[in-house]
Amino acid sequence: MKNNLTSVIALDVGGSSVKSGLVNSGGSVYFVNHTPINSQTSKEDVLQVFVKIIQMYLHKVNPNEFIGIAFGFPGPFDYENGLCLIQGQSKYDNLYQVDIRDELKKILDFDKPILFCNDAEAAILGEANYGAGKDFGRVIGITLGTGLGAAFIVNGVSVHEGQGIPSNAELFPFKFNGKRADDLFSTRGLIERFYKRGFYYSNVAEATEDIKQGNTSLISVFQKFGEDLGLFLRSFVDDFGADVLLVLGGISGAIEYFHREVEDQLNIPVFPGRSQNAALLGAADLLLN
């Protein structure tokens, strides 16, 4: 690395593994690692996994370039204060009300910043600044997976209030056709659509595999999903004045089957994510920008 660059240790925390890397201010990610984690083990054991990951990078980074640590963490979470508020989600229950920043600083004897942001927001921010959205000023990003995540980006910065931005910049609680968006535009919502058509899948990848094997009747389910998603997003896109929609998350792997339907409703480009390390880049941006 060049001496004029600064570096951040970035962690993208999931339910069963932690992706990590060393991110520099040039937008490069080094030493990417995936560490398994038992998110239902004790507070001490979970924190020890984070500590070991951080220590691994502290041995690799030039101390003159290193400016801090950034976490992408699932919610609910008090990101400003580093306080985990997850309960009853079969992950990180033993971190409830734990000040993770304070705990890590004590264990590591550490005096540099440790910052936190939502994991979906981190991925969208990274994609907006370094991937498919980097040529656009006003970006809406969504993650389609276990739920519906969202972020609103203006000139490379994630914003939570202002023109056309809903409360907390969240879309999941809004209703569409009488149902919560989170229940419709998610893996469980798409699986339910297949179920109603007589197709029984445990995940979206099984459906896309069947399409590749010749079962083209499934495509219409994706197309209707895309049409509804576009209709739901239209008012948010218009109010915010979005230049582009980025679609990330597990379902985005099947975007070829519903991309056009979303785009037809929105009249702006719709792109899937293309950066493998988007969440690490987005988390690191907390410190780099």
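Tabulated data for the structure shown
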{"quantity": "Total formal charge among the other residues, if their Cβ is under 10 angstrom from that of Gly149, Lys/Arg +1 and Asp/Glu -1", "calculated": "-4"}
{"quantity": "Charge sum, other residues only, whose C-beta stays under 14 Å from Thr216's C-beta, Lys/Arg counted +1 and Asp/Glu -1", "calculated": "-1"}
{"quantity": "Size of charge dipole - the chain - debye, nearest 20, with Cβ of Lys, Arg +1 and Asp, Glu -1, no other charges", "calculated": "420 debye"}
{"quantity": "Electrostatic dipole magnitude of the range 68-209 [Cβ: Lys, Arg +1; Asp, Glu -1; Cα centre; debye, to 20]", "calculated": "560 debye"}
{"quantity": "Given the chain, longest segment not containing exposed loop GluC sites (Glu not before Pro) (DSSP; at most 12 other Cβ within 10 Å)", "calculated": "162-289"}
{"quantity": "Top positive-direction residue, dipole computed over the chain with Cβ charges, set Leu231, Gln213, Ser90", "calculated": "Gln213"}
{"quantity": "Label assignment, Rg and Dmax of the Cα atoms in Å derived from the structure, set (i) 19.5, 60; (ii) 19.4, 65; (iii) 18.0, 55", "calculated": "(i)"}
{"quantity": "Computed [θ] at 222 nm, deg cm²/dmol, the chain (DSSP H ≥ 4; -39,500 (n - 2.57); rounded to nearest 500)", "calculated": "-10500 deg cm²/dmol"}
{"quantity": "Span from the the range 141-191 Cα centroid across to the the range 81-107 one, whole angstrom", "calculated": "24 Å"}
{"quantity": "The range 222-289 versus the range 42-62: alpha-carbon centroid distance in Å", "calculated": "33 Å"}
{"quantity": "3J(HN,Hα) from dihedral phi, the range 234-248, Karplus parametrisation 6.51/-1.76/1.60, rounded to Hz, x for glycine, proline", "calculated": "4, 5, 5, 4, 5, 5, 7, x, 5, 8, 7, 10, 9, 10, 10"}
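A short reminder: the numbers here are calculations on the coordinates, not readings from a lab. Note that the coordinates shown come from a computational prediction; the quantities given were computed from them, not determined experimentally. Neighbour counts are summed over all protein chains in view; Cβ atoms, including those assigned to glycine, are modelled from backbone coordinates with ideal geometry.
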